[in-house]
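Peer 1: Okay, handing you the structure first.
The values are calculated or read from the model by the stated rules, or taken from the named source; none is laboratory data. What you see is a predicted model, and the numbers here were worked out from it, not measured in a lab. With ideal geometry, Cβ positions are generated from the backbone for all residues, glycine too; neighbour counts draw on all protein chains shown. In case anyone asks, the SASA skips ligands and DNA or RNA and just uses the protein heavy atoms, side chains included. Shrake-Rupley method; radii C 1.70, N 1.55, O 1.52, S 1.80 Å.
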Amino acid sequence: MTDPDFETPPPHDIQSEMCALGSAMLSADAAASVVEDLTEDDFLREAHKSVFRAVRSLSDRFEAVNAVSV
């Protein structure tokens, strides 16, 4: 049995999270790939999850995904 107070976070790479989200805001093809290949749970930081949700929402509505729209 695992004590939740002592659980370690899953392996993560904050720089990779930022690169994936940044590329999604620079290219429609990258946005489509990010939304297709990743899920909200693939991001550790809550801020990154929030940005991913915005990217996914815009992409699902076929709207421009960029730094202003996100």
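Peer 1: Suppose we filter region 43-66 for residues that are open to solvent by 50 Å² or more (accessible area, probe 1.4 Å), touching a residue at least 12 places away in the same chain (Cβ under 8 Å) and under 29 Å from THR8 (Cβ atoms); how many remain?
Peer 2: Qualifying residue count, region 43-66: 4.
Peer 1: Right, something else. Kindly indicate which of SER69, SER23 is open to solvent by less than 70 Å² (accessible area, probe 1.4 Å), among the hydroxyl-bearing types (Ser, Thr, Tyr) and in contact with an Asp or Glu (Cβ under 7 Å, 6 or more places away or on another chain). It would help to see each step written out before you state the result.
Peer 2: On the way: SER23 fails: in contact with an Asp or Glu (Cβ under 7 Å, 6 or more places away or on another chain).
Going through SER69, SER23 in turn, just one is open to solvent by less than 70 Å² (accessible area, probe 1.4 Å), among the hydroxyl-bearing types (Ser, Thr, Tyr) and in contact with an Asp or Glu (Cβ under 7 Å, 6 or more places away or on another chain): SER69.
Peer 1: Right, next: Tally up the residues in region 34-52 that are among the basic types (Lys, Arg) and either touching a Lys or Arg at 6+ places or on another chain (Cβ under 9 Å) or under 12 Å from ALA24 (Cα atoms) (or both), please.
Peer 2: Qualifying residue count, region 34-52: 0.
Peer 1: Go over the candidates ASP41, ASP29 one by one and state the one that is in a helix (DSSP H, G or I), under 9 Å from the mean Cα position of the chain (by Cα) and on the phi < 0 side of the Ramachandran plot.
Peer 2: Being in a helix (DSSP H, G or I), under 9 Å from the mean Cα position of the chain (by Cα) and on the phi < 0 side of the Ramachandran plot holds for just one of ASP41, ASP29, which is ASP41.
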